[in-house]
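Q: Mind having a look at this structure? Questions to follow.
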Amino acid sequence: MKELTTIKEVLFNKFGYREFRNNQQAIIESILKKQDCFVLMPTGGGKSLCYQIPAMISNGVTIVISPLIALMKDQVDALRINGIDAAYLNSSLSSAQQSTVLEKLKQGKLKLLYIAPERLFSNDESFIKYLSTLKVSLFAIDEAHCISDWGHDFRPEYLQVKSIKKHFPEVPIIALTATADAQTRKDILEKLKLNQPKVFVSSFNRANISYKVALKNNAKGQLFDFLDQHKNDSGIIYTLSRNSAETLAQDLSINGFQALAYHAGLPNHQRAENQSRFLKDEVKIMVATIAFGMGINKSNVRFVVHMDMPKNIEGYYQETGRAGRDGLPSKALLFYSMGDLVKLRKFLEIEGNQAQTNVLLNKLNKMGDFCKSNGCRRKFLLNYFGENFPDTCGNCDFCLSTHEKTDITTIAQKALSAVVRLRENYGINYLVDFLKGAQSEKIKAEHKALKTYGVGKDLSKEEWQGYFNHLIQNNYLLQTSGTYPVVKLASKSKDVLQGIEKVYYFKKIEKREERKVTPEYESDLFDHLKRIRYRLAKEEEVPPYLIFSDATLVELSTYLPQNIEELTSIAGFGQVKIEKYGEKFLYAIRNYCKINNFSSRVKTRNSGFVRKAAPVIKNSTKNESLSFFRQGKSISEIAKLRGLSVNTVESHLAEMIYLGEIQLTELVSTEKIEVIRSTFQKHGSERLAPIKEVLGDNYTYAEIKAVQYYLKRTNKFNSN
């Protein structure tokens, strides 16, 4: 094989992909220019390739700093399957094994070495001093949010990595994370002391994940109902306590589900065995505390369930991101109760550090707002991370339901009056008990004498809590932070109390069936290929997903390639894996086609990859326009049928580009795309008016907006 010289050649030959995603190419090119980089990219977005490809091309070894043993092993196994020399050093290796790794390192036989931060600087920094005698091409700091005490997973040992620049001032550093809000990003950059870093922030949108949040109402029964629909799927269930994890795993096993528990209280060998069985598809479900999963690359996890409210949105986002790493449709289900919020507040108190306590409590309150939100879940998540998103995504419980608009002005006035009467000194639970006329001794005697006491007896406690949350989220009331949040009046309160402004509530009244977006494929062949993959994985003693992802097997079962040339068009089949596994899979596919009188469908595909799950806006005027467009109607015909202007319909369809429902070339000619794109890049603005002024009358606002949405979707508006 000829020497790998270009990043595209490495991408295909070693990893089996023809095109880069997100900002991968720009990041790799920056590293090869010896520039420091900070990369914020969602789980499953391809962060690892950003340092693995430069490691393959550069002279020397890339040192990857990673927080978990399981993560290191997973990454190294995947690299070795692709024919890449990689190793790790950690406590799981014997002294002899560690000596072998060090000898390979000394001889220059390793391209990547994974280590924990504490090893890098242990024993008076002897190891990092040893590295200075070798040729180090790059330092990659994975899970970089662990260095920030503003982050959700602060690890003190990570603070040591800020000394890397002192020892290796000329070696580039890449810091990578999937979850960091603006404050955490700033803190990471300050602590690492990177040299004028290039900053790459990709979209947080995981379009293939469907989000659902539900109030606990016999949560175990709700869970069993959910799992009955996913009997053949692999998934992770998170609980808050070790005892809950073990008890639930036992209950699931008794009821016929393959499940194991994972938590920090289990013996090391038991944790390792349970994790290995899950990764190798020997069991379907892992019931775990948050001790499980960080950096786990199992790509065929189809669902993640939280049995309790997580402590913060960053953790929730990262944990749900373990579903659907292969891009196929997956689900995130969260059960919560108000009791979760109260319980977690007590756990987050840090004695002697009120500032850090407040950070954690504010993050918890945001998590509570997400659970109680009466709007699109995806929009809430992306807005939290500073990313704009349309009001509906078509792939969460809110957007997949219809809603009844109800005037709750009278209810709102009662709630606001209670806040006034109680002098803005109490939290939601006390206010609800006060409005319901509770006879509890917790309600002060003087409050029971007030006229507002008991005026809300007709509503349940849960309904009142929902209305208070709605009023807070829509700025009719304010809620303080801290361990015991208090409800106060807002600037909009007066107009509501005086009847000047009405308050509306959108009540979910019907659950719509979720859209099926998995490509049509030969399911019998898919199952057969999974069995072949499983046998190969057993032979190589690695998890099956490291051989090929489910997405690759879906492509094989969809397009039925018949020869090596056609196999190269399937994502995941690079030169290395074609040589190792190509004929085994082709033999199975040819036999299946012979039995069923099928032939290759490779030439029928519209693009280089199987179409992944892309949400569609449900229950909206935009979706109606899309429906007519898919029926072959022209834009002018749609406008006439719907009684709308042509510009309105064009705008509807342009927004569908962001969601992946329409290809850009279906709305804008190739020539115009390039001109509009270059104009955006030249003027560096997301605003349409200046772009329209430059382009002139030959370009419509709809065309410009279509390209704008495409650039957003493909992450071209990121800061550098």
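Throughout, read-outs are computed from the coordinates displayed, never taken from laboratory work. Note that the structure is a prediction, hence the values are computed from the model and not measured. FYI the Cβ positions are ideal-geometry reconstructions off the backbone, even for glycines, and counts take in every protein chain you see.
Q: Among 62-72, 639-649, how do they line up by average Cβ neighbours within 10 Å per residue, starting with the highest?
A: 62-72, 639-649
Q: Does segment 333-468 classify as rounded, prolate or oblate by the C-alpha gyration tensor (a ≥ b ≥ c root eigenvalues; a/c under 1.5 gives rounded; else a/b over b/c gives prolate, otherwise oblate)?
A: Judged from the Cα gyration tensor, segment 333-468 comes out oblate (a/c at least 1.5, b/c at or above a/b).
Q: Which whole-Hz couplings ³J(HN,Hα) result when phi for each residue of segment 134-144 is put into the Karplus expression 6.51 cos²θ - 1.76 cosθ + 1.60, θ = phi - 60°, listed in order with x for Gly and Pro?
A: Karplus-based 3J(HN,Hα) across segment 134-144 equals 10, 8, 9, 8, 6, 10, 10, 9, 7, 6, 5 Hz.
Q: Residue farthest toward the positive end of the dipole of segment 176-298, with Cβ of Lys/Arg at +1 and Asp/Glu at -1: which of V201, Q275, A249?
A: The Cα lying farthest towards the positive end belongs to V201.
Q: Work out, step by step, the length gained on full extension between E273 and Q439: first 0.36 nm times the residue separation, then minus their alpha carbon distance; give nm to one decimal.
A: Fully extending the segment from E273 to Q439 adds 54.4 nm.
Q: So, one more: Putting +1 on Lys and Arg Cβ atoms and -1 on Asp and Glu Cβ atoms, find which of N358, Y336, G427 reaches farthest to the positive end of the dipole of the chain.
A: Farthest towards the positive pole: G427.
Q: Hey, what angle do you get for helix 550-559 against the long axis of the chain, alpha-carbon based, 0 to 90 degrees rounded to 10?
A: 70 degrees
Q: Could you tell me the distance between the Cα centroids of segment 275-354 and segment 113-158, to the nearest Å?
A: Comparing the Cα centres of segment 275-354 and segment 113-158, I get a distance of 26 Å.
Q: Kindly write out, for segment 493-501 in residue order, the coupling ³J(HN,Hα) from the Karplus curve 6.51 cos²θ - 1.76 cosθ + 1.60 (θ = phi - 60°), rounded to whole Hz, with x marking Gly and Pro.
A: After applying 6.51 cos²θ - 1.76 cosθ + 1.60, I find 4, 4, 5, 5, 4, 8, x, 6, 10 Hz.
Q: Looking at the square roots a ≥ b ≥ c of the eigenvalues of the Cα gyration tensor of segment 621-713, which shape do they give, rounded for a/c under 1.5, prolate if a/b is larger than b/c, or oblate?
A: prolate
Q: Relative to the first principal axis of the alpha-carbon coordinates of the chain, what is the inclination of helix 122-131, with its axis defined by its Cα atoms, in degrees from 0 to 90 and to the nearest 10?
A: On a 0 to 90 degree scale, this one is about 50.
Q: Output the peptides 371-381, 342-352 sorted from most to least packed, where packing is the average of other Cβ atoms within 10 Å over each peptide's residues.
A: Descending packing order for the listed peptides: 371-381, 342-352.
Q: Only bridges with both residues in the chain count here: give the DSSP antiparallel percent, nearest 5.
A: 15 percent
Q: Starting from the amide H of V305, placed 1.01 Å from N in the peptide plane, find each other amide H under 5 Å away whose residue is 5 or more places distant or on another chain.
A: I236, I237, Y238, L333
Q: Just name one of G456, T410, I443: the one whose Cα is farthest towards the positive end of the charge dipole of segment 403-511 (beta-carbon charges, Lys/Arg +1, Asp/Glu -1).
A: I443
Q: Rounded if a/c is under 1.5, else prolate if a/b is larger than b/c, else oblate: which is segment 7-201, with a ≥ b ≥ c the root eigenvalues of its Cα gyration tensor?
A: rounded
Q: Let me ask you something else. For n ≥ 4 DSSP H runs only, could you compute -39500 (n - 2.57) per run for the chain, divide by its residues and tell me the 222 nm figure to the nearest 500?
A: Helices in the chain give a 222 nm mean residue ellipticity of -13500 deg cm²/dmol.
Q: May I ask you to evaluate 6.51 cos²θ - 1.76 cosθ + 1.60, the Karplus curve with θ = phi - 60°, for each residue of segment 565-575 and list the ³J(HN,Hα) values in order in whole Hz, giving x for glycine and proline?
A: So the J values, rounded to whole Hz, are 4, 5, 5, 5, 7, 8, 4, x, 9, x, 4.
Q: Could you give the length gained on full extension between R535 and K166, defined as 0.36 nm per residue of separation minus the Cα-Cα distance, in nm?
A: 128.0 nm
Q: On C-alpha positions alone, give me the angle between the axis of helix 69-81 and the longest principal axis of the chain, in degrees, nearest 10.
A: With both axes taken from Cα atoms, the answer is about 40 degrees.
Q: While we're looking at this one, here's another question. Give the separation of the Cα centroids, segment 665-713 to segment 35-94, in Å.
A: 38 Å
Q: Return the long-range amide H neighbours of A261 (sequence gap of 5 or more, or a different chain), with a cut-off of under 5 Å between placed amide H atoms.
A: Those lying under 5 Å, H to H, from A261 are V287.
Q: Nearest 20 debye, what's the magnitude of the dipole of the chain about its Cα centre given +1 on Lys and Arg Cβ and -1 on Asp and Glu Cβ?
A: In total the dipole reaches around 520 debye.
Q: So what is the relative contact order of the chain, in percent, for Cα pairs below 8 Å that sit 6 or more residues apart?
A: 12 percent
Q: If you count, for each residue, the other Cβ atoms within 10 Å and average over each peptide, how do 436-443, 317-324 line up from highest to lowest?
A: Output ranking for 436-443, 317-324: 317-324, 436-443.
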